[in-house]
Amino acid sequence: MSICSTGRRWPSTLAVVLLAGAVIGCGVKEIDLAHPSVPAATTPAGGAGGNPSPAAMGGSGGSGGTNPVVASDAAAAPPTPGTRTDAAPAGGPAPPPPSSGPPLSGTTVSINGMAVPREKAIVILHIGHSNMAGRAKDPAALMPYFYDTDPHLWTYHKGGMWTPAKEWTAPDGGTPGVHPSNQGAGPGMALLRKALTFAPDAYIISIGQGESLDYGVSCPSFRKGGLFHDKIAGPALELKGKVTFAGLFVMLGYDARTAGSALNGGFLACLQALINDFRTDLGAPDLPLIQNDYERGATGSFSPMCCGAPQVIAQLAQVPMTISRSVLVPTEGIEMQDDHHFDMAGHKEWADRVFKGMADKGLLPWATVKP
């Protein structure tokens, strides 16, 4: 007779023991350089390489209507995705094992059809001039680090489109989809990979936009109502409330050397207003501002000693004291691709400095690995 049955009486003590056993058992990503052939990305599991169509990636690619890729179901939240078991990305160390993170809210976002808790969906908002857009081509040994995909690294595009992250994560161009011949890797993938080492069981998401000085980039152009604002704020607003925003990562400065509005403290004031715009619109009053210091390795007319750069540098030095929850990322000694752009080793080093500065200031509340 099965002990799951209730058809037979048992002595009281034995019945308690057997009943307990029965419950358990029956339970229940300006200087025109030669354009290299960009290597094909490693094909992620279950998908094609390159830039898949929205349908292929499980997104709508749609315009208007309810965004089908963002979901919230507090009453029936799916389990937290499992711990990473995939191999370390080429060019980088194996991520450390995860530890316990913050409690889950029950809110999820659908990443390529996979429900991910808000606390495990970490968004990197990254904007700036051409150094952010990317011009890096060397060293060749770091190509996989910037161009190979990882199942925990994604790019989100306005309209519900998800693609596996790889460079270019924030390309520029005067015409949509048409990039300058010197387009190369930027800091996007380095930021994503470094963030993943602090939260190995999370999914790190890029929303980025870089623009050359040739296309009119400036601090005001990224502010609300500016020329490029919607390119970053548009997709970010679609994910509002469903993800964790890690910060606004900014590479601006060259634009302010001769701009009249940037003189006499104007550039610093614009940076303050810029982060205020994003904090307000995203409902994230504690959103960190991570600002690049002036590229100290630049030469010629971009040299930190030339052409208006000193007044920009003086304002940047005030960022940590003036803007709350901000980090100024030092650039001395970072490897350069040309007279004012980092190479891939430079971008990787820059990302390391970014997260060191954030860790030092306690700006990684989403990290599950102790900094």
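Coordinate-derived values only; no laboratory data. Note that the structure is predicted; figures quoted are calculated from it, not measured. When we count neighbours, we look across all protein chains shown, and the Cβ atoms used for this are built from the backbone with ideal geometry, even at glycine.
Numbers for the structure displayed
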| quantity | calculated |
| --- | --- |
| Extension reserve of the Ser301-Leu263 stretch, reckoned as 0.36 nm per residue once the Cα distance is removed | 11.8 nm |
| Segment Ser324-Leu237, extension gain: residue separation times 0.36 nm, minus the distance between their alpha carbons | 29.1 nm |
| Extension reserve of the Leu104-Gln272 stretch, reckoned as 0.36 nm per residue once the Cα distance is removed | 57.3 nm |
| Sequence of Asp360, Asp150 once ranked by neighbouring C-beta atoms within 10 Å, starting from the fewest | Asp360, Asp150 |
| Distance in nm between pseudo-label sites at Ala141 and Leu227 (7 Å out along the Cβ direction from Cα) | 4.0 |
